[in-house]
Amino acid sequence: MSVSRTNNICLVRTLTTSFPCYSISPMNDDSFIVSTINHHDPVRTITVQGQEGDVQHAGLPDKTYKVGESLCTYIATKNILVFTDRCNHTVYLCNIQSGSCQTVQSDQIREPRGACPGNHGTVFVCSLGTNSILQISPQGKVVMTHDVGMVNPYAVSLSRDGARLAVSNDLAGQMMKIKVFTVSS
């Protein structure tokens, strides 16, 4: 899709994949990274032309994930694939150029869900089990925990200018919220 300056949304192209996918994040102008569902590769790439590809992700579990068990995003400035493993309370930071992967675990990370690139190469990660948003450095350190005042934060997104952070929650059958926060440098 494309969004015009007047907020009109236009469908640009529909891509059909050979695998079911759950989350999608841009890698560059031509490619996306996606987390898969019930597939032997937990992450894959797809181009805007529809070409599918593999991702260097040494260090990710050799596991097939079901719906709701994992999500991914990509930090383009650092070439880092961010992969959340809800059941293992783990965030993986994988450099797709070198193929190396860091495992990030902490008492603050409980049922990690959605993630998005943050400022200065960091990543924001929803921690469903602690009702907070974590900010993790490219080196895999939890540098800050943010109480977002909502139950079950599920998805997070940072504005293009890095000034606003939007967080939504997941409460099946109940009132869901989206909160927007100002990010200070």
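The values are calculated or read from the model by the stated rules, or taken from the named source; none is laboratory data. Note that the coordinates shown come from a computational prediction; the quantities given were computed from them, not determined experimentally. In this analysis, Cβ positions are derived from the backbone assuming ideal geometry, glycine residues included, and neighbour counts consider all displayed protein chains. What goes into the accessible areas is simple: the full protein's heavy atoms, side chains included, and nothing from ligands, DNA or RNA. Shrake-Rupley method; radii C 1.70, N 1.55, O 1.52, S 1.80 Å.
Inside the stretch 29-57, residues that are at pLDDT 90 or above, out of contact with any Ser or Thr (no Cβ under 8 Å at 6 or more places or on another chain) and surrounded by 10 or more Cβ atoms within 10 Å (Cβ to Cβ) make up a count of 4.
If residue 180 satisfies every condition in (1) farther than 19 Å from residue 71 by Cβ; (2) in contact (Cβ under 8 Å) with a residue 12 or more places away in the chain; (3) outside any strand (DSSP E or B) but one, which is the exception? Condition (3) is where residue 180 drops out. Of all the listed residues (123, 142), the sole one being at pLDDT 95 or above, of a type outside the set (S, T, N, Q) and under 25 Å from residue 66 (Cα atoms) is 123. Kindly indicate the residue of the stretch 8-28 that is over 26 Å from residue 124 (Cα atoms) and of a type in the set (S, T, N, Q) and also modelled with the lowest pLDDT among those meeting that condition. So, considering only residues that are over 26 Å from residue 124 (Cα atoms) and of a type in the set (S, T, N, Q), the one modelled with the lowest pLDDT is 8. There is at least one residue in the stretch 96-110 that is open to solvent by less than 20 Å² (accessible area, probe 1.4 Å), out of contact with any His (no Cβ under 7 Å at 6 or more places or on another chain) and under 19 Å from residue 55 (Cβ atoms). Pairs are defined by a Cβ separation below 7 Å, a sequence spacing of at least 6 or placement on different chains, a first member in the stretch 102-114 that is in contact (Cβ under 8 Å) with a residue 60 or more places away in the chain, and a second member that is buried (at least 16 other Cβ atoms within 10 Å of the Cβ); the pairs so defined are 114/71; 114/126; 114/154; 114/155; 114/156. State whether the residues of the stretch 62-85 include one that is in contact with a strand residue (DSSP E or B) (Cβ under 6 Å, 6 or more places away or on another chain), of a type outside the set (Val, Ile, Thr) and open to solvent by 60 Å² or more (accessible area, probe 1.4 Å). Among the residues of the stretch 62-85, not one is in contact with a strand residue (DSSP E or B) (Cβ under 6 Å, 6 or more places away or on another chain), of a type outside the set (Val, Ile, Thr) and open to solvent by 60 Å² or more (accessible area, probe 1.4 Å), which makes the answer no.
Within the option set 10, 21, being more than 20 Å from residue 99 (Cα to Cα), over 15 Å from the mean Cα position of the chain (by Cα) and not polar (S, T, N, Q) holds for one residue only, 10. In the set 159, 132, 127, only one residue is open to solvent by less than 40 Å² (accessible area, probe 1.4 Å), within 20 Å of residue 94 (Cβ to Cβ) and among the hydroxyl-bearing types (Ser, Thr, Tyr); that residue is 127.
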